[in-house]
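Worksheet for the structure shown next.
Throughout, read-outs are computed from the coordinates displayed, never taken from laboratory work. None of these values were measured; they are calculated from a predicted model. FYI the Cβ positions are ideal-geometry reconstructions off the backbone, even for glycines, and counts take in every protein chain you see.
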């Protein structure tokens, strides 16, 4: 998969997941929460989830360039403890 198609796919699914989670949360708040604390909690959970899941999908599909390259780990030797 090329970088351009990966970015487009990530953007589409990021926006789609944001909208679906947000709309589900709003629906739960107004239709499932008639004096029900669990319905209110679930509605607020889905609204909060939408602000996390959508942007993470968009950002994770961006190509690694410049300072965004993954950090390579270095092996560290730990000296043995003497008794």
Taking a crude spin-label model, label points 7 Å out from Cα along the C-beta direction, the residue 81 to residue 30 distance in nm is 6.2 nm
Relative contact order in percent for the range 3-62 (Cα pairs under 8 Å, 6+ apart) equals 52 percent
Which three extents, in whole angstrom, do the alpha-carbon atoms of the range 3-62 cover along their principal axes, largest first?
48, 14, 9
For the pair residue 56 and residue 4, what calculated FRET efficiency results from E = 1/(1 + (r/R0)^6), where r is the Cβ-Cβ distance and R0 = 22 Å, to the nearest 0.05?
0.65
